[in-house]
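Enquirer: This is the structure I have questions about; it appears just below.
The values are calculated or read from the model by the stated rules, or taken from the named source; none is laboratory data. Just so it is clear, the model here is predicted, and its values are computed rather than measured. So basically every Cβ, Gly included, is an ideal-geometry build from the backbone, and we count neighbours across all protein chains shown. Areas reflect the complete protein model, heavy atoms only, side chains present, ligands, DNA and RNA absent. Shrake-Rupley method; radii C 1.70, N 1.55, O 1.52, S 1.80 Å.
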Amino acid sequence: MKNPMPQVASLLLEKLLLLVHVRPLPSSSGGEPPPAPAYYDTSCFKRGDLLEVPRTLFIHFGIYLGENRVAHLMPDILPAFTGDRRQIQQVVTNKRLILGVITKTASIRVDTVEDFAYGGSILVNHMDRLFQDQVLGNEEAARRAEKLVGATAYSLLWNNCEHFVTYCRYGSPVSFQTDKFCETVKMIIRDQRSVLASVLVGLASIFCLGLAPSTTLPTIFVPFFLWMAG
């Protein structure tokens with residue numbers, strides 16, 4: 001019998017992506033979504049500009065290469081199986097994206113502004129104010145982005161689209177979204193109420209699922225580790 005865990009993980013991640021306002025991509029491997037309205041005025045973009053597309057809980061980043069092209073990093077399982085650039089360049093489906101997150105594989109790809117933004121608003125060089133004198137020349141940023149196009153490793157916290165663009169434009173791969181997430185986790189751990197909450201969740205799991213190592217051990221060890229780390 002097939003292991004159901006990959007399907008369950010894929011389903012949960014897909015629901016999470018929808019929750020954070022990722023535009024749904026086609027579920028079939030060959031289909032393509034209807035094109036987004038071509039209303040973006042690219043005349044205000046310069047080669048090497050850093051483009052940001054805010055979503056509900058995160059921001060997607062890319063480097064403008066000129067001629068309506070944007071280089072950006074996306075989780076994608078396909079480069080792990082084929083080097084065919086025609087296949088890889090097809091629109092990344094939900095399944096490809098989710099499996100890329102799970103297997104920590106991605107590609108730095110070049111898409112049109114419309115496909116990159118997918119109907120969202122675009123901010124230009126909004127991060128420059130945070131780096132002040134560290135901003136590299138626009139041409140240098142674009143060349144760095146072009147040099148990195150292709151398959152790459154992926155990490156939600158340590159190698160995402162923000163790390164890619166900050167390396168290209170500022171010379172140092174950083175992610176303020178990762179820093180904010182880690183600070184939030186640190187606050188939760190330091191809040192001793194999380195110990196009580198974990199105990200209550202553990203007791204509820206024992207009550208609902210029964211007394212077993214899979215429910216009892218987390219009920220003991222999770223509150224203990226939170227207490228010691230707090």
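Enquirer: Search the structure for amide H atoms under 5 Å from the amide H of Y154, placed 1.01 Å from N in the peptide plane, and list their residues when 5 or more places away or on another chain.
Expert: For Y154, whose amide H was placed from the backbone, the distant partners under 5 Å are T105, A106.
Enquirer: Alpha carbon centre of the stretch 136-161 versus the stretch 184-209: separation in Å?
Expert: With the stretch 136-161 and the stretch 184-209 each reduced to a Cα centre, they are spaced 38 Å.
Enquirer: Considering the zone a paramagnetic label at S205 would reach in this model (a point 7 Å from Cα along the Cα-to-Cβ line), which residues of the stretch 138-164 have amide N under 15 Å from it?
Expert: Under cut-off, by backbone N: nothing.
Enquirer: How big is the stretch 84-230 along each principal axis, measuring the range of its Cα positions in Å and listing the largest first?
Expert: Sorted from largest, the Cα extents of the stretch 84-230 read 60, 40, 26 Å.
Enquirer: Sequence-distant or interchain residues sharing an amide H contact under 5 Å with H60, placed H: which?
Expert: Amide H neighbours of H60, under 5 Å, 5+ apart: V53, R55.
Enquirer: Another question, then. How much FRET efficiency would the formula 1/(1 + (r/R0)^6) give for L157 and L130, where r is the Cβ-Cβ distance and R0 is 30 Å, rounded to 0.05?
Expert: Efficiency for this residue pair is about 0.95.
Enquirer: Still on this structure: Return the carbon/sulfur percentage of the accessible area of the stretch 153-230, one whole number, probe 1.4 Å, all protein chains in place.
Expert: Here carbon and sulfur together make up 76 percent of the probe-accessible area.
Enquirer: 5 Å is the cut-off here: which amide hydrogens, built 1.01 Å from N in the peptide plane, fall below it relative to F45, excluding neighbours closer than 5 in sequence?
Expert: Here the answer is none, since no amide H 5 or more places off falls under 5 Å of that of F45.
Enquirer: Another question, then. Between D41 and V91, what length comes free when the chain is fully extended (0.36 nm per residue of separation minus the Cα-Cα distance, one decimal in nm)?
Expert: My answer for the length gained is 15.8 nm.
Enquirer: From the backbone phi of the stretch 133-140, what are the Karplus-calculated ³J(HN,Hα) couplings (6.51 cos²θ - 1.76 cosθ + 1.60, θ = phi - 60°) in whole Hz, Gly and Pro given as x?
Expert: Rounded to whole hertz, the list is 7, 8, 5, 7, x, 4, 5, 5.
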